[in-house]
Amino acid sequence: MSYEERYDRAAAAFSGGDYEIALQLYQDILASDKQESTAIWGIAECFHSLGEISLAINWYHRFLELEPDEPEALHMLAALGEGRTPVRASDAYLKAHFDRFAEDFDSQLIGELDYRVPEILTATLKAHLGPAGASLKILDAGCGTGLCGSKIKEYASRLDGVDISGEMLKFARRRKVYDKLFKDELCRYLRRSKTRYDVILSADTLCYFGDLASLFSAVCRNLTEEGLFIFSVEAGDIESDYLLTQSGRYSHGKSYIKKIADDLRLTEISMVTRTLRTEYGEPVRGDIWVLSKSDI
């Protein structure tokens, strides 16, 4: 069996949750070539998924011996408690992670993880805005492949999307629902943009930010008066403001978000907790927030 066939089998087993099988396949590949970094990465990911955290840490370090400063490995080590916790995921990590993930993004999230965030946020938008009127300027903040775009287009006189991953934007562009798509880091885009939006919607993007103060400030700058900020975060029953979890994503405390919103005079319209998706057979719970920019 060729390397390619073994890699395909290992990747299929991993995607299907058969981590022990995937681990054995990656180990077989590595036995033939001790410098095969893709197999080393696969082994680290398998141990991580199996909950063997100390072994995962060892294999991420081994990967870094071959690929020094590789951003995904550095981020996952931080998520597993190795080194200083970053206040947000780095641009390099986000680009590497989502460029690699782009081609299989929709099929994995919808088909394998029962991903519900686009539907939940769209239903939330409709509940607050009523019947569609195609009259609003809307920003899909962290649009990815555009899963939200086709669902909210009917409300938009202008629908823009911004994402840091060029590969994700290729798939968003194919949907032909966006007026403009921007390849940029979200805060940087918001600081530079001259457009004021009636709605800024962000699905599963804030989980890659720990500290939300700068992002919320940038959002506030780009909202019209009484404009809506609709977003999801992974729910955190935590004492701190936010926590980088072993998944590599951040969870946020409700009181933390309330404090930042109050500081910026963003009024809480609603907050509900929902199941965002299923991961490792368990529901991932998240908070769905609607904030409004208050009149000054």
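Structure values in brief
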item	result
Environment charge at TYR208 (Cβ cut-off 11 Å; Lys +1, Arg +1, Asp -1, Glu -1)	-2
Burial order of peptide ranges 170-180, 123-133 (average beta-carbon count within 10 Å, highest first)	170-180, 123-133
For segment 1-69, size of Cβ-based charge dipole, Lys and Arg +1, Asp and Glu -1, in debye	120
About the Cα centre, charge dipole magnitude for the chain (Lys/Arg +1, Asp/Glu -1 at Cβ), debye	1600
For segment 160-231, alpha-carbon Rg over 2.2 N^0.38 Å	1.09
Average accessible surface area per residue within segment 1-115, 1.4 Å rolling probe, Å²	52
Sorted peptide list for 159-167, 246-254, 273-281, criterion being average Cβ within 10 angstrom, highest first	159-167, 246-254, 273-281
Amide hydrogen neighbours beyond the local backbone of GLY227, cut-off 5 Å, H modeled	LYS293
Set of lysines near LYS194 by C-alpha distance (under 29 Å), chain-local residues within fewer than 8 positions excluded	LYS95, LYS126, LYS137, LYS151, LYS153, LYS170, LYS176, LYS180, LYS183, LYS258, LYS259, LYS293
Label point distance in nm, ASP262-GLU167, each placed 7 Å from Cα along Cα→Cβ	4.3
Percentage, to the nearest whole number, of Cα pairs in the chain over 34 Å apart	23
Estimated 222 nm signal from helices in the chain, with DSSP H stretches of n ≥ 4 weighted -39500 (n - 2.57), rounded to 500	-13000 deg cm²/dmol
Charge tally in the Cβ shell below 10 Å around SER157, where Lys, Arg are +1 and Asp, Glu are -1, SER157 excluded	0
Carbon plus sulfur fraction of accessible area for the chain, probe 1.4 Å, in percent	48
Other-chain or far-sequence residues with amide H under 5 Å of LEU136's (modelled H)	ALA156, SER157, ARG158
Of all DSSP beta bridges in the chain, antiparallel share, percent nearest 5	55
Whole-Hz couplings from phi, Karplus 6.51/-1.76/1.60, listed for segment 278-290; x for Gly and Pro	10, 9, 6, x, 10, x, 9, 8, x, 9, 10, 10, 10
Förster radius 25 Å - calculated FRET efficiency between VAL87 and LYS180, Cβ distance, rounded to 0.05	0.30
Modelled FRET efficiency - R0 30 Å, LEU50 with ARG6, Cβ distances, 0.05 increments	0.95
In degrees, nearest ten, helix 53-66 long axis to first principal axis of the chain (Cα)	80
Burial ranking of peptide ranges 28-37, 232-241 (average Cβ count within 10 Å, highest at the top)	232-241, 28-37
Per residue accessible area of segment 168-296, 1.4 Å probe, in Å²	47
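The values are calculated or read from the model by the stated rules, or taken from the named source; none is laboratory data. Computed from a prediction, not measured in an experiment: that's the story for all the values here. Cβ atoms come from the backbone with ideal geometry, glycine included; neighbour counts cover every protein chain shown. Note: accessible area is taken over every heavy atom of the protein model, side chains too, but ligands, DNA and RNA are not part of it. Shrake-Rupley method; radii C 1.70, N 1.55, O 1.52, S 1.80 Å.
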